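K.L.:
My questions all concern the structure below.
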Amino acid sequence: MSENKLYEGKAKVLYSTENPEEIIQYFKDDATAFNNKIKDVIASKGILNNYISEYIMLELQKNDIPTHFIKRIDERRQLVKKCKIIPLEVIIRNTTAGSMAKRLGIEEGIDIKNPVLDLCYKEDALNDPLINEDQAVEVLKAVTRAELALIRKLTFRINGILQKIFSDIGIKLVDFKIEFGFDSQNNILLADEISPDSCRLWDAKTNDKLDKDRFRRGLGGLVEAYTEVANRLNIKID
């Protein structure tokens, strides 16, 4: 399998393959927060994210969610469909936390009756600003109205599936961030990853954080928390 680096991000590296419609997604151990203002390397974080994201992508595919995931190659690599990433971060919030709680001046941990969808413009130089749907469509022209409507529909379906997956293992899905892309036939696919790096996950009984907030907030124990999530999902790490 011939590989050339296509792109290196904060947590992953993308490589080409001999098939122009498939690429390799490599999970690094790098940890970053607040748009790369805090950085570290945490051994085996990438391995855990790879396995957890594989598990979740497969569960979503079973529920007819179109994703870029093809297969996990080894402990750090996945084979995925090549996508043109839409420059939008799509966030679902089931409980107040993080930037939304800070922005609105409200306490964390308040359950939201009807989940809230936020959009952010994926642009590191601008710190991924919060935008509205009109800006996404009319100003950035990142998607059409119809495409955005499909993204909204898929995102809320994904939320329902993830909430059940995690509630069944005693974990509360507080919020999560996902990305979408266009494949070569212009179909919209769920892309990137879904892991404790991109979700807020709290123990349902204790509210202990089992996600990247352990790094963001200097709590320590990130690998232990990710391992706990993997263990509850009954994921076997080779």
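Read the figures in this text as sums done on the coordinates, not as results from a lab. In this text, all values refer to a predicted model and were calculated from it rather than measured experimentally. When we count neighbours, we look across all protein chains shown, and the Cβ atoms used for this are built from the backbone with ideal geometry, even at glycine.
K.L.:
Considering the convex hull of the alpha carbon atoms of segment 25-140, report its projected area averaged over all viewing directions, in nm², one decimal.
P.N.:
Numbers: hull surface 37.9 nm².
Mean shadow area of the hull around the Cα atoms is 9.5 nm².
K.L.:
What does the charge count around ASN234 come to, taking other residues whose C-beta lies under 15 Å from its C-beta (Lys +1, Arg +1, Asp -1, Glu -1)?
P.N.:
Surrounding charge for ASN234 is -3.
K.L.:
Can you give the Rg to Rh ratio of the chain, both from alpha-carbon atoms, with Rh computed by the Kirkwood formula?
P.N.:
0.93
K.L.:
How far is it, in nm, from the label point at SER44 to the one at LYS205 when both lie 7 Å from their Cα along the line to the Cβ?
P.N.:
Label at SER44, label at LYS205, 2.4 nm between them.
K.L.:
Amide H of ALA204: which non-local residues (sequence gap of 5 or more, or other chain) have their own amide H closer than 5 Å, using H built in the peptide plane?
P.N.:
For ALA204, the qualifying residues are ILE171, LYS172.
K.L.:
Quick one: give the max-minus-min coordinate of the C-alpha atoms of segment 5-81 along each principal axis, largest first, in Å.
P.N.:
Extents along the principal axes, in whole Å: 36, 28, 22.
K.L.:
Given H placed 1.01 Å from N in the peptide plane, which residues other than close sequence neighbours of ILE112 have an amide H under 5 Å from its amide H?
P.N.:
Those qualifying (amide H under 5 Å, at least 5 residues apart or on another chain) are THR95, THR96.
K.L.:
Can I ask one more? When you count, for each residue, the other Cβ atoms within 10 Å and take the mean per peptide, how do 45-57, 122-134 rank with the highest first?
P.N.:
45-57, 122-134
K.L.:
Between beta-carbons, use under 13 Å as the cut-off and find the net charge around ILE38, counting Lys and Arg +1, Asp and Glu -1.
P.N.:
So the environment of ILE38 carries a net charge of +4.
K.L.:
Can you compute the label reach from ARG152? Point 7 Å from Cα along the Cβ direction, backbone N cut-off under 19 Å, restricted to segment 126-140.
P.N.:
Within reach of a label on ARG152, which here means backbone N under 19 Å from a point 7 Å along Cα→Cβ, segment 126-140 contributes 130-140.
K.L.:
Now for a separate question. Can you work out the Karplus-derived ³J(HN,Hα) for every residue in segment 15-23? Use 6.51 cos²θ - 1.76 cosθ + 1.60 with θ = phi - 60°, whole Hz, and x for glycine or proline.
P.N.:
10, 6, 10, 5, 8, x, 9, 10, 9
K.L.:
Sticking with this one: Could you calculate the FRET efficiency of ASN132 with ASP238 from 1/(1 + (r/R0)^6), where r is the beta carbon distance between them and R0 is 45 Å, rounded to 0.05?
P.N.:
0.55
K.L.:
Work out how far the C-alpha atoms of segment 85-221 reach from end to end along every principal axis, then list the three figures in whole Å, largest first.
P.N.:
Its Cα atoms span 44, 30, 29 Å along the three principal axes.
K.L.:
Also: Per-residue HN-Hα couplings for segment 79-84, Karplus 6.51 cos²θ - 1.76 cosθ + 1.60 at θ = phi - 60°, whole Hz, x for Gly and Pro?
P.N.:
In residue order, the calculated couplings are 8, 9, 6, 5, 10, 8 Hz.
K.L.:
So which of LYS164/LYS205; LYS113/LYS141; LYS12/LYS122; LYS141/LYS164 end up more than 25 Å apart, counting from Cα to Cα?
P.N.:
From LYS164/LYS205; LYS113/LYS141; LYS12/LYS122; LYS141/LYS164, over 25 Å: LYS113/LYS141; LYS141/LYS164.
K.L.:
From the backbone phi of segment 122-127, what are the Karplus-calculated ³J(HN,Hα) couplings (6.51 cos²θ - 1.76 cosθ + 1.60, θ = phi - 60°) in whole Hz, Gly and Pro given as x?
P.N.:
Computed from phi, the couplings for segment 122-127 are 6, 7, 4, 4, 9, 6 Hz.
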